[in-house]
1. Pull out the extension gain between residue 102 and residue 25, defined as 0.36 nm times the separation in residues minus the alpha carbon to alpha carbon distance; nm, one decimal.
2. If I model a spin label at residue 67 and residue 18 as a point 7 Å from the Cα along the Cα→Cβ vector, what separation in nanometres do I get?
3. Residue 294 to residue 91: FRET efficiency via 1/(1 + (r/R0)^6), r the Cβ-Cβ distance, R0 45 Å, to the nearest 0.05?
4. HN-Hα J couplings of the stretch 179-185 from phi, Karplus 6.51/-1.76/1.60, θ = phi - 60°, integer Hz, Gly and Pro as x?
5. Loop-only check: which chymotrypsin sites (Phe, Trp or Tyr not before Pro) in the stretch 79-130 are DSSP coil with at most 16 other Cβ within 10 angstrom?
6. Starting with the fewest neighbours, write out 217, 158 ranked by other beta-carbon atoms found within 10 Å of each beta-carbon.
7. Starting from the Cα-Cα distance between residue 376 and residue 217, subtract it from 0.36 nm times their residue separation and give me the gain in nm to one decimal.
8. What order do you get for 179, 281, 252 when you list them from fewest to most C-beta neighbours inside 10 Å?
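Values quoted throughout were computed directly from the atomic coordinates according to the rules given, and no laboratory measurement underlies them. Predicted model only: the values in this text are computed from it and were never measured. With ideal geometry, Cβ positions are generated from the backbone for all residues, glycine too; neighbour counts draw on all protein chains shown.
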Amino acid sequence: MSAPVTLTLDDRGVYRERDLWICLATRFLTEAASLAQSVAIGWTVYLRSNTPLALGLVGLAQFLPMMLLMLPAGEICDRWQPRRVLVGALALQALCAGGFLVVARGVSLPLWPFYPVLMLSGAARAFAEPAGQALLPLLVPSERLPQATAWSSSLWQVAVIAGPAFGGLAYVAGSAGAYGMCCVAFLAAALGVVAVSGRRVPAADTPSLVDRAARVVEGLRFVRSRPILLGAISLDLIAVLLGGATALMPIYARDILHAGPIGLGLLRSAPAVGACATALYQVRHPPVRAAGHKLFAAVAAFGLATVVFALSASFLASITALIVVGAADMVSVNIRSSLVQLATPDALRGRVSAVNMLFVSTSSELGAFESGLLAALIGTVPAVAVGGFGALIAAGLWMRLFPALRRADRLTPL
């Protein structure tokens, strides 16, 4: 059984217990607000458009700025300190929530103004996500990082349960409640980050544009030079790109399961129920042995459960399948996150975190576009089922392409 995350007397000059918990609280608020907002956006867009392609364009609008900005954002985190970058990004997300509120309240307005605000929101996330990833290792000693990561994942999953549920409930009373709640949460998270201190990365000189580009590429080269990291990150990208059904859940909620916006919130929360239970178990029993085999088994289970969800016409069966999806994804996330953080020196954390988040986060948004486009061509149910089978195939293929990842055993510094 692992010991709780506590700090020794020697640690307290640099690491403060309150900094860790403030960081975890801001992560909770940010993720809950993001997911509540996502539910509201999905329902609004599908209600006005009645086409899966419009839902896919929601993902594309966020993918483009994230793809372009996330790697430079990681380099900026390493020069300006992750705290400063995160505060600015959260403030921008609050501004975007206000923009969604204005557009949603204007019922006579066309749908297209949603997409520029979505692009601005994607830009904010491009800076917020690597900054948040790079901040946590600066708040705890390295030997306690796997357990701190498990705590972070647990609270993140609680937020993923609560956020969509609150978003669906708030939307029943009106779009203003959902988007207004998100705006307040983002502002509160920004204020929380201002209060955090912890270890600081030595300030770097301001480089030329050519040097900045070289620093960005350095993060990519670092990941490429370590097959275990490259395999783990790219496997997650392919699995989420192919197997993600999130973008199409408004269609399942309204047209297949007939559950309305509250049902949509519950469907979006269901994966986090399984993930949260798994993460809480991993706080006490981190997956420190047979990490590679557990990672591939988790991705295979993720794909199989996605196929079950695709073919289900029962709300209860769909919820159960999504719980399994979340549990499997949590095993994969915790193993991959620990591998990335344990293998990365402080000076590269922002850039490597940006590479990781570029693969992970943009795969969700690009996967949303892929799902919406494929659903428009072949139908919603076949599109989700094909994605689940694709994740299963990817797990088998990556076992052959990355044997070092398959053989990975203990989660220890690489």
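1. 24.9 nm
2. For the pair residue 67/residue 18, the computed spacing is 4.4 nm.
3. Taking R0 as 45 Å, the efficiency between residue 294 and residue 91 is 0.70.
4. Result, ordered by residue: 6, x, 4, 5, 4, 5, 5 Hz.
5. Passing sites in the stretch 79-130 do not exist.
6. Details: 217 13, 158 19.
Listed from fewest to most nearby Cβ atoms, that is 217, 158.
7. Working: separation 159, 0.36 × 159 = 57.24 nm, distance 3.69 nm.
Full extension from residue 376 to residue 217 adds 53.5 nm.
8. Fewest-to-most Cβ neighbours within 10 Å comes out as 281, 252, 179.
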